[in-house]
Amino acid sequence: MGVYRRAVLYMRRKRGQTTVLFFLFCIVSTFLVTGWSVLDSADAVAKVLRRSVGGAFYLRPTSNLEINEGVVEHSKGGKGQPVITEENIKDILGYEKVKAYNAMNYGYARSDAVDFLPGVGHSEDNNMGKVSAMNDTALADQFMEKKLELTEGRHIKKGDRNKILISDKLAQANGLKSGDKIRFTHAGITRENGQFVDSIPKKTVYAQAEIVGIYKQSVPQGDGAVPTPEIDANGIFSDHGFLESLKEAKKGRYTGEVNFYVSDPLKLDDIVEKVNTNKSIDWGQYSIRKNDFQYGKIAKSLTSIQDLTGILILCICAASLVVLVLILIMRMRGRVQEAGILLAIGKSKGEIAWQFILEILLIFIGAFLCSAAAVYFAQQGIEDLVFGKLPVINIDKSAVETGSTAGLSKGYLNIDISSVLRVFLYQAAAMILTVIASCSSIFALKPKEILSKMS
């Protein structure tokens, strides 16, 4: 009778033992496949999140400014009005991992065709809105933090000229919609005799702007006792060309903050350190704030997952090995007679050992296939349990490169065939070694000694 047939007949005869081993292998394999998949996925997620989340640092004028009639004249820590030039920006963009920037200028605009929402001391003299000009409105903090949400049209992007975004409240109050064109003039805000008035009473510059998008406040914000231009719903987002057309900004010169985006948050500190050594920037007037978009919290969560998974795998391996060895030793002790008879009829120790190994492998392969299939079909539930509480992602690589914000898609957990095969080979090797070790006490005896024990 062949080895394979003897192995199958023994498994059929000992159905109870076979069933116990099958479920034991199923449980152990399920935990190991899940654990290794989570461990591998945690490494992959860390790399993907680094590329997707990115990081940013904000170059902003210091608050220690001297203002005359609403106009910044100079910083007490530097000379003249704070300005970042295109040359400064090109220098910083030359650093590795710095992928994009969003420069800002601020001003005021008014129009005979627009009645702005009234604030404190509202009058015709202060009927104006504050303009925030930038390269990409999708990268504005208010939109990235979901305080504002675009409800109609599109964001302003690099290359636009005289395009604006207005609030839904301002649009509703004036019957405006995306695609409408409005004639604006330059303006400024100052206070005279306790009243807020336009600091540019004589109008000499005009520009026609097209509404390309309308936004709403997703997070209600109280405006408090502020003048009309400072009402949030009166805020206008525009491209830089709009303020340049109104002679309120100069091309290539930015008096507001400049935000830079990096592709790898791990490089954020090194890049900021390099920027701090840039002598072309007056550091008496500017400061830097870093933002890793919660990557620190994400990395901490991933590290915890990896550590716990590693400990879980180690405990499973140790416990399963101990239980398996004990079961196989007891199994082998009950097969001393069978081994003695096989030796007595001329079967080699290697052939007998291969029969015992084949029995275990046949049970193990069936159990492993069942456990791998179970893990595959349950991977969405496992992913939600393990990775479901990762912090929300604010910005991804596409936002940096195209000016659109998005979250990282799901699909963190990946039951990779190579990981499954690795677990299978490790377990199969452990099975074979354990069987050989369990048989060693029998093979150490001579056939006559085994047969004498039978009596």
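The values are calculated or read from the model by the stated rules, or taken from the named source; none is laboratory data. It should be emphasised that the depicted structure is a prediction, and the values quoted were computed from it without experimental measurement. Backbone-built Cβ (ideal geometry, glycine too); neighbour counts: all protein chains shown. Side chains are part of the model used for accessible areas, which takes the heavy atoms of the whole protein and leaves out ligands, DNA and RNA. Shrake-Rupley method; radii C 1.70, N 1.55, O 1.52, S 1.80 Å.
DSSP loop (so not H, G, I, E, B), at most 16 other Cβ within 10 Å: list which chymotrypsin sites (Phe, Trp or Tyr not before Pro) in segment 241-297 pass both filters.
Trp283
Given Lys163/Lys274; Lys130/Lys216; Lys163/Lys247; Lys146/Lys169, which pairs have Cα atoms separated by over 25 Å?
Lys163/Lys274
Could you compute how much accessible surface Cys439 exposes when probed at 1.4 Å, giving the result in Å² to the nearest 10?
Rounded to the nearest 10, the figure is 0 Å².
Which ³J(HN,Hα) values in Hz, rounded to whole numbers, follow from the phi angles of segment 107-122 under the Karplus curve 6.51 cos²θ - 1.76 cosθ + 1.60, where θ = phi - 60° and Gly and Pro get x?
x, 9, 8, 9, 8, 5, 8, 10, 9, 6, 4, x, x, 5, x, 5
Could you tell me which of the pairs Lys158/Lys202; Lys90/Lys279; Lys147/Lys251 are separated by over 25 angstrom between their Cα atoms in the structure shown?
In this structure, Lys158/Lys202; Lys147/Lys251 lie more than 25 Å apart at Cα.
Go through segment 354-367 residue by residue and turn each phi into a ³J(HN,Hα) via Karplus (6.51, -1.76, 1.60, θ = phi - 60°); whole Hz please, and just put x for glycine and proline.
Running phi through 6.51 cos²θ - 1.76 cosθ + 1.60 with θ = phi - 60° gives 5, 4, 5, 5, 4, 4, 5, 5, 4, 5, 5, 4, x, 5 Hz.
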